[in-house]
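Participant: Once you've had a glance at the structure underneath, I'll fire off some questions.
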Amino acid sequence: MTDKIFNPYKLLGGTEQIGELPNAQTIFRKTVHIAWPAVVESFLVSIVAMVDNIMVSSLGTYAIAAVGLTTQPKFLFFALIISMNVALSALVARRRGENDQAGANRVLKQAIVISVIIIAVISVISTVFARPLLLFCGAQADTIDPAVDYYRIIMAFSFFQLFSMVLNAAQRGVGRTKIAMRTNIVSNVINVVFNWLLINGNLGFPALGIKGAAVATVLGSMAACGISVASILHPDAYLNVKLMKGKAFDKEIIRSLAKLTGGTLSEQLCFRFGFLMFAMIVANLGTTAYATHQIAMNCMHISFAFGDGFSVAAVSLVGMNLGAKRSDLAKIYGIACKRLGRIFAIILGIFFVFFGRHIYYLFTDDMEIISLGTIIIGILIVIVFLQIDQVITSGCLKGAGDTKYVAKVAFVSVAIIRPLSSFIFCYPLGWGLIGAWIGTLCDQACRNVLNATRFKSGKWSQIKI
C-alpha cells in the first residue's frame with residue numbers, strides 16, 4: 001500500500017528529476033517523522049479548546065457564546081506575530097537546507113527582538129480597548145461583561161503565548177516539531193486542571209467562573225513559554241542563544257522577514273476581516289444560534305488540526321528541500337503531506353457521520369441547539385475534506401515563500417466570498433445559521449481549487465528568499 005500511495009515517480013509526475021529519489025518507505029517515514037508531532041500538537045490544542053468550552057458551558061449558554069466572541073479579536077491582534085512566524089519557519093528551513101546554522105540563528109535572533117516589541121504593543125492596546133472591540137464584534141447584553149473579563153485577562157498576559165509561538169515556529173523550521181508538541185501538551189494539561197479548579201471552585205479554590213477559565217489558559221501558556229525558552233538554551237541545539245550573534249537590527253534579515261511577512265500578514269488580515277464579518281453575521285442571529293455555531297466551530301477546529309499539522313510538515317520539508325536545490329523533492333514531500341492529510345480526512349469524516357450529533361450532548365441538553373447542530377455537522381463533513389487539503393497545499397506554498405499568492409487567495413475567498421455568501425444565504429434567503437455554514441463551504445471550495453492550481457503550476461519552486 002505504501003509503495004502505491006508514496007511512489008516517488010508518481011508523486012513527481014511530469015516534473016524534472018534533479019537527483020536520486022528516495023523510495024516510498026523513506027518518503028513515508030520522513031514525512032510522518034516531522035508531521036506527527038505537529039499533528040498531535042494541533043489536535044491537542046483543538047481538543048483542549050473543546051474541553052475548555054465544555055467546562056465553561058457549565059456556567060450556561062451565554063458563557064459559550066462569550067468565550068467564542070473573543071476568538072476573532074484575539075487573532076486579529078495576533079495576526080502580525082502569526083505572519084512573522086510563517087516567514088520565520090520558511091527562512092530557517094531554507095537556511096537549514098543550505099547548511100547555514102549561523103544564518104538560521106541570526107534569523108531567530110532578529111525575530112525575537114522584533115516580536116518582543118510587537119507583543120508589548122499588542123498587550124496594551126487590546127486590553128485597553130477590549131469593551132468597544134467586543135461590542136463591535138456583536139457581543140449581546142448577556143455576553144459583553146463576561147467576554148470582556150475573559151478577553152482582558154488573556155490579552156494582558158499574551159506575551160507568554162506569543163513568545164512561545166515564535167520560538168516554536170523557528171524549531172518547526174528546522175524539523176524539531178516535537179518541541180512544540182511538548183510545550184502544548186504541558187500547557188493543555190495545566191489549562192484543563194486549573195479550569196476544573198477555578199471555574200466552579202474545587203478543592204478549596206475560588207469559583208471564578210469565566211475569569212477562572214482565562215487564568216487557567218494564562219498559567220498553561222506560562223509553562224509552555226518556559227519549555228520553549230529552555231529549548232534554545234541547550235548548547236548542542238541547532239538553534240541556541242550562544243549562536244545568536246550579530247546586530248540587534250540586521251537590515252538584510254529584516255528585509256527578508258518583511259518580504260515574507262508582508263504576504264502572510266495580508267493573508268492573516270484577510271482571514272481576520274473575513275472571519276470577523278462571518279462571526280458578526282452569526283452573532284446577530286442571537287445567543288442560542290451563536291452557541292450552536294461555536295460548538296460546531298470546535299468540531300471544525302479538530303479537522304483543521306490535522307490539516308495544520310501536515311501543513312507545518314509541508315513548510316519544513318518544502319523549505320529545506322528548496323534550500324538544498326531539490327525542487328523535485330520539495331514537490332514529492334508536498335504531495336506526500338497532502339495524501340496523508342486526505343487519509344485523515346476520510347477517517348474524520350466517518351467519525352462525524354456516526355458521532356457528530358453526540359458531540360453536542362457534551363455541551364448542552366438544549367434540543368434546539370442539538371437539532372440545529374446536527375444539520376451543521378452534515379455540512380461540516382464535506383468541509384473537512386476541502387479544508388484539510390487546502391490548508392496543506394497552502395503550507396507547501398508558504399514553505400516556498402509564495403506568500404503573496406496565498407494572500408491573494410485569502411482576499412478573494414475569505415474576505416469576500418465567505419462573508420458575502422454567508423450573508424446572502426443567512427438573511428435574504430432566510431436560511432439562518434445553516435446559510436452561514438453553506439457560505440463557509442463556498443469559501444473552502446474556492447481556496448481548495450485556487451491553491452491546488454498554483455501548486456500544480458510549479459511556479460512556487462522558483463521563488464528566491
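The values are calculated or read from the model by the stated rules, or taken from the named source; none is laboratory data. Predicted model only: the values in this text are computed from it and were never measured. Virtual Cβ from ideal backbone geometry, glycine too; neighbours counted across all protein chains shown.
Participant: Within the stretch 416-439, is there a residue that is buried (at least 22 other Cβ atoms within 10 Å of the Cβ) and not in a helix (DSSP H, G or I)?
Facilitator: no
Participant: Among the residues of the stretch 353-364, which ones are part of a helix (DSSP H, G or I) and either touching a residue at least 12 places away in the same chain (Cβ under 8 Å) or of a type in the set (D, E, K, R) (or both)?
Facilitator: Across the stretch 353-364, the qualifying residues are V353, G356, R357, I359, Y360.
Participant: Do we find a residue being among the hydrophobic types (A, V, I, L, M, F, W, C) and at pLDDT 90 or above anywhere in the stretch 130-152?
Facilitator: no
Participant: Considering only helices (runs of 4 or more DSSP H) fully contained in the stretch 141-217, which possess at least 2 residues that are without any contact (Cβ under 8 Å) to a residue 24 or more places away in the chain?
Facilitator: Counting at least 2 such residues, we get 144-156, 177-198.
Participant: Now for a different question. Please find, within the stretch 361-382, the residue that is surrounded by the most Cβ atoms within 10 Å (Cβ to Cβ) out of those that are over 18 Å from T440 (Cβ atoms) and not hydrophobic (A, V, I, L, M, F, W, C).
Facilitator: T364
Participant: If you take the residues in the stretch 365-412 that are out of contact with any Leu (no Cβ under 9 Å at 6 or more places or on another chain) and not in a helix (DSSP H, G or I), which one is nearest to R94 (Cα to Cα)?
Facilitator: D402
Participant: Take the stretch 121-131 and flag every residue that is in a helix (DSSP H, G or I) and surrounded by fewer than 15 Cβ atoms within 10 Å (Cβ to Cβ).
Facilitator: Passing the criteria: V121, V124, I125, V128.
Participant: Pairs needed: first member in the stretch 421-440, of a type outside the set (F, W, Y); second member anywhere, not in a helix (DSSP H, G or I); C-beta distance under 8 Å; at least 6 residues apart or different chains.
Facilitator: Hits for this filter: C426/L285; G432/L285; L433/L285; G435/Y427; G435/L429; A436/L285; I438/W431.
Participant: Checking I117 against (1) β-branched (V, I, T); (2) modelled with pLDDT of 90 or more; (3) closer than 16 Å to S228 by Cβ, which single condition isn't satisfied?
Facilitator: Only one criterion is unmet by I117, namely (3).
Participant: Continuing with this model, one more query. Quick one: Y9 ticks every box in (1) farther than 22 Å from L219 by Cβ; (2) touching a residue at least 40 places away in the same chain (Cβ under 8 Å); (3) not acidic (D, E) bar one, so which box is it?
Facilitator: (2)
Participant: Here is a follow-up. Among the listed residues I350, I302, which satisfies the condition of being β-branched (V, I, T) and either over 17 Å from the mean Cα position of the chain (by Cα) or not in a helix (DSSP H, G or I) (or both)?
Facilitator: I350
Participant: Further question: Could you list, in sequence order, the residues of the stretch 90-113 that are under 21 Å from the mean Cα position of the chain (by Cα) and surrounded by fewer than 22 Cβ atoms within 10 Å (Cβ to Cβ)?
Facilitator: I112
Participant: From the list S256, S231, S311, which one is among the polar types (S, T, N, Q), at pLDDT 85 or above and over 19 Å from A410 (Cα atoms)?
Facilitator: Result: S231 is the single residue among S256, S231, S311 that is among the polar types (S, T, N, Q), at pLDDT 85 or above and over 19 Å from A410 (Cα atoms).
Participant: Would you list the helices (runs of 4 or more DSSP H) that sit entirely within the stretch 1-120 and hold 3 or more residues that are of a type in the set (F, W, Y) and farther than 22 Å from L322 by Cα?
Facilitator: By residue number, 71-97.
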